[in-house]
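Input: a single structure, listed below in structure tokens.
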Amino acid sequence: VRHRPRARARRGPAPGRAVALSDEPIADPAADRAAAAARLAEAGAAIVAGVAATLPAWVEARVAGIADAWGRLGAAERTALDARASAAAAAATDRVVDELTRLFATDAADQRSTPLEVVRSATKEVGAVLAAAGIPPVERDEFLERSFPDDAYGVTPAALADLGDPDLGPLQLAWGLAKARALRAGG
């Protein structure tokens, strides 16, 4: 079939064109802002709770996984590494939960990072424990090196659900949608 340039039949908007989500005016803008803020706060609180519950085990598992793959630690060295990993997990969790709490307390229009960006910073503690044990960095592809230059061990989570709680993935999406609604509502 030969391509023939001609006007599109009326089947909706042309590809690539934005479509209005609703033509209906907002009846009560103040109530819409309040509802959007409530959804944003609810998603934020659930993310904080989920991260607080899963991040310690995630940090310890990343350290253990890299140490096991390297396979050159004696029993005493491994016991010391596990103790340092546990302490680093507690410190990372305290720091990340505090940063998330501050992020979610900030007005949506003034937030300059995302929950995932904050959680990804926990790779600092993982890397510090592994480097202190003398474990060399892993080989990473160019994209990962460019995208996550501070993660020499390739443990950066792709999504919040990677922390081990599958409910954190939808919460990440819910937070993003709630933030978009809050910004759209002017809150």
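Observations on the model:
- Single residue of Gly169, Gly154, Gly164 found to be open to solvent by 60 Å² or more (accessible area, probe 1.4 Å) and either closer than 30 Å to Asp28 by Cα or touching a helix residue (DSSP H, G or I) at 6+ places or on another chain (Cβ under 7 Å) (or both): Gly164
- Residue satisfying all of: in segment 102-130; surrounded by 15 or more Cβ atoms within 10 Å (Cβ to Cβ) and among the β-branched types (Val, Ile, Thr); farthest from Val48 (Cα to Cα) among these: Val129
- Qualifying residue in segment 71-83 (condition: within 29 Å of the chain's Cα centre (by Cα), modelled with pLDDT of 95 or more and open to solvent by 50 Å² or more (accessible area, probe 1.4 Å)): yes
- Given (1) among the charged types (D, E, K, R); (2) out of contact with any Leu (no Cβ under 8 Å at 6 or more places or on another chain); (3) in a helix (DSSP H, G or I), number of the condition Lys179 does not satisfy: (2)
- Filter result for Ala161 (at pLDDT 95 or above, out of contact with any Lys or Arg (no Cβ under 9 Å at 6 or more places or on another chain) and hydrophobic (A, V, I, L, M, F, W, C)): yes
- Test result for Pro166, free of Cβ contacts under 8 Å to residues at least 12 places away in the same chain and closer than 24 Å to Ala53 by Cα: yes
- Lone qualifier among Ala49, Ala92, Ala131 - being without any contact (Cβ under 8 Å) to a residue 60 or more places away in the chain, more than 27 Å from Asp167 (Cβ to Cβ) and of a type in the set (A, V, I, L, M): Ala131
The values are calculated or read from the model by the stated rules, or taken from the named source; none is laboratory data. All values derive from a computational prediction rather than experimental measurement. Cβ coordinates were reconstructed from backbone atoms using ideal geometry, including for glycine residues, and neighbour counts include every protein chain displayed. Heavy atoms of the whole protein, side chains included, go into the accessibility calculation; ligands, DNA and RNA do not. Shrake-Rupley method; radii C 1.70, N 1.55, O 1.52, S 1.80 Å.
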